[in-house]
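To start, the structure itself, in structure tokens.
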Amino acid sequence: QYELNVKNFLLTGDSAFLQIAGDSVAVLPAEINLVRTLTADNPVQQMHIDSLMAYAGRDTATLDKIVREYKPGSFTGPVQLIAGDAKAGPSHEIQDIIAQMQQEERRLLDIRRKSSQNKASELQWVLWALIAAVVMLALVTFRKIRLDLLQEKKLTEKLHRFNTELESQVQLQTTNLKASEDTYKTLFY
């Protein structure tokens, strides 16, 4: 944006473009520091930022020189500097560095996206395994409860039969005892 505003100044002579250019240069360090902070964990991006700073400094210095040499109505000096800069100047390098940085960020985003997808897939398998384990545990628990209830029923029936037999034996013994007692009373009384 700085470069565009300097060129607009050269074409129009309107110093308002220089004010806008100055404003854009003033915020550049803060924006670059923000990018530096956001990419602090990436040495490749840090090198790109260092290169970007160097080329931006050269580009700004060239444009400042053009503004200093500007004379209304005479474009010879600025045209030569701009023409030389247009062929192999910092502007092209800056664009290349920005493109490389964007490509690096896209590459990292793809890696992170694939990693997230893999983790999501792994978590899905873990979830399915947990669901299967809970279902199996529920089935085993249900079967165990059913078997316990059947065993309790059998034992209850067996106890009932035993009680019935015991009552029969007690009645038989009571009847026998009463008969013995009656016999004893008859004999001895």
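The values are calculated or read from the model by the stated rules, or taken from the named source; none is laboratory data. All figures in this text were calculated on a predicted structure; none of them were measured in a lab. Don't worry about glycine lacking a Cβ; one is built from the backbone with ideal geometry, like all the others, and counts go over all protein chains shown. Side chains are part of the model used for accessible areas, which takes the heavy atoms of the whole protein and leaves out ligands, DNA and RNA. Shrake-Rupley method; radii C 1.70, N 1.55, O 1.52, S 1.80 Å.
Observations on the model:
- Highest average packing first - 154-167, 51-64, 100-113, Cβ atoms within 10 Å: 51-64, 100-113, 154-167
- Nitroxide proxy distance, nm - points 7 Å out along Cα→Cβ at Q102 and M136: 5.2
- Between the beta carbons of A26 and R112, assuming R0 = 30 Å, the FRET efficiency works out to 0.35 to the nearest 0.05.
- Cα-based convex hull, the chain, per residue volume (Å³, whole number): 206
- Positive-end residue, the chain charge dipole about Cα centroid, Cβ charges, pick of S116, I20, H92: S116
- Point-charge dipole on Cβ atoms (K/R +1, D/E -1) for region 122-189, about Cα centre, debye to 20: 120
- Ellipticity estimate at 222 nm from DSSP helix runs (n ≥ 4, -39,500 (n - 2.57)) divided over the chain, nearest 500: -33500 deg cm²/dmol
- Dipole magnitude (debye, nearest 20) for the chain, charges at Cβ of Lys, Arg, Asp, Glu: 900
- Which of N176, Y189, Q151, positive extreme of dipole for region 133-189 (C-beta unit charges): Q151
- For the chain, the solvent-accessible area with a 1.4 angstrom probe is 78 square angstrom per residue.
- Carbon + sulfur, % of accessible area of the chain - ligands and nucleic acids excluded, 1.4 Å: 63
- Full extension of the chain segment joining E165 with M53 gains 29.9 nm, where the gain is 0.36 nm per residue of separation less the Cα-Cα distance.
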